[in-house]
Amino acid sequence: MEEIVLYLKEKQFDIMMMEIGICGLLTGLSFITKSFGRKRKFIFVFISMSSMLLLIFDRYSYMYSGDTSQIGFMMTRMSNFLGYVFILCIILGYNEYLQELLSESSYNSRILKYVRILFVFGIGMAIFSQFTGFYYYFDENNRYVRGEGFFISYIFPLGGLICQLLVIMKNNRLLKNKKIVMLLSFAALPVISSVLQIFTRGISFTNISSVLLVMLLYVFALLDNNKALEDSHNRELEILNREQMKAKLQFEQTMLALVDAFESKDQYLRGHSKRVAEYSVMIAQKMNLSTTETEKLYFSALLHDIGKIAMPSQILSNVDRFNSEEFAIYKTHTSIGGNLLKEIQVFPELSVGALYHHEKYDGSGFPQKLKGEEIPKIARIIAVANVYDNLSSSTYYRQAYTQEQVIMIMKNGKGTEFDPNILDIMFEIINEDKNYALRQK
């Protein structure tokens, strides 16, 4: 133990210089840190600056001890006095930080108000001792000597720390477990250091340990603040996701209402768009498209026939027996739908399905006679799903085809009407549908 004390006596000035530099850095960081609120920023500037000045004047008190010159006389008295003052300032700053943490839970501690009172009385007693030698005095060689009231000087800082310990222990639920260890350490370690210093001369246990804890407290506060910002960010993301889900649901409901509006014109058309959208999603999942791509495909498929809203009822009911004039009118539904949906600028993919779902892989489709990969992927998928639903549904002039018939008819369009790869995926889906559930109900 004696070897440790001797080592600390030898190295304490180096330790102090290091801590002075760190406290100066913390003062600057506290001042410029934007993640702290205004009050917390002031508290940490106050604490870190008080810690830096405490160490500076503590070092001066040792440097000028035994110096009988006029400057030595002045510096020893000023340094020792300010040492008492700044240790109280650190405790006061910590007290305000603790109060701010509790105020986050709308709690105001009466005990912490007593710490402020102790601070005022402590400063008053330090001034009193300066003129009376009650705490300490200086011998003829200008060396520090403990006075008869030396032990009284510990009442104020220790009293404040004990009050803070009581508050922390009483409000451990409000302060949460993660904060308790650090807060208890800040309040308890200086108490232990003060007891050691009473029985040890020549080593500033209290000052060094208090300043060390100020550094740790700053790091803790920064991490805690970052965690609070992260939690706040996560809550905002959660709210945003909920709002996006709500907006998406509202958008889908609006689109379904719109689909119902034009499908109500024809009893055989009802449910067609929803089924095509569902089959398109099945194909997309087999193709491992991303969630975003699949969502865009779903809505584009849901509205692929929106242009039929402008078609006369007699045209829609005569799909299987068009004459050339009726077919010319029917073909315009793709351009009409594309132009309608193109106005929804936040979702440009919507118009793709409506405009191109009748394009054919060999270039013989309409309205633009696109060929192969020129046809957007969304439209190629919808084209397959659309024809499948048409074949598996009844019309005015025929009943729905069987699965075997659907496969045979669609095979005839492989590489000419349909993208062969997408058609093969549709065949996989059909083969998995043993009970022929994917059809018009």
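Residue order for His358, His304, fewest other beta carbons within 10 angstrom first, comes to His358, His304. With the charge dipole of the chain set up from +1 on Lys and Arg Cβ and -1 on Asp and Glu Cβ about the Cα centre, the Cα lying farthest toward the positive end among the listed residues Met18, Thr334, Ile375 is that of Met18.
Give me the number: length gained by fully extending Gln244 to Ile117, i.e. 0.36 nm times residue separation minus the C-alpha to C-alpha distance, one decimal in nm.
My answer for the length gained is 40.4 nm.
With contributions of -39500 (n - 2.57) from each DSSP H run of at least four residues, the per-residue ellipticity at 222 nm computed over the chain stands at -24000 deg cm²/dmol.
Sorted by packing (mean other beta-carbon atoms within 10 Å per residue), highest first, where do 400-407, 383-390, 52-59, 73-80 land? Let's see the in-between values first.
Working: 400-407: 15.9, 383-390: 24.5, 52-59: 22.6, 73-80: 18.0.
Highest to lowest by the protection proxy: 383-390, 52-59, 73-80, 400-407.
Per-residue extension of 0.36 nm, minus the Cα-Cα distance of Phe251 and Lys414, leaves a gain of 55.2 nm for this segment.
The value given for the chain is a Kirkwood hydrodynamic radius of 28.7 Å, derived from the mean inverse Cα-Cα separation. Considering only the Cα atoms of region 243-432, their convex hull presents on average a projected area of 10.5 nm².
Shape annotation for region 322-436: C-alpha extents along the principal axes are 41, 31, 26 Å, from largest to smallest.
Here is the size of region 75-175 from its Cα atoms: Rg then Dmax, 16.2, 55 Å.
Scaled against the 2.2 N^0.38 Å expected of a compact globular protein of N residues, the Cα radius of gyration of region 24-67 reads 1.50.
For the chain, a simple Cβ point-charge model (Lys and Arg +1, Asp and Glu -1, everything else neutral) yields a dipole of about 1060 debye relative to the Cα centre. The dipole here belongs to region 243-432: it is taken about the Cα centre, uses +1 on the Cβ of Lys and Arg and -1 on the Cβ of Asp and Glu, and is about 180 debye. A dipole drawn for the chain from +1 and -1 charges on Cβ atoms has a positive end, and of Tyr397, Met125, Gly365 the residue lying farthest that way is Met125.
Extending 7 Å from the Cα toward the beta-carbon at both Ile344 and Ser105 defines two label points whose distance is 4.9 nm.
A short reminder: the numbers here are calculations on the coordinates, not readings from a lab. Keep in mind that what you see is a predicted model, and the values were worked out from it rather than measured. Cβ coordinates were reconstructed from backbone atoms using ideal geometry, including for glycine residues, and neighbour counts include every protein chain displayed.
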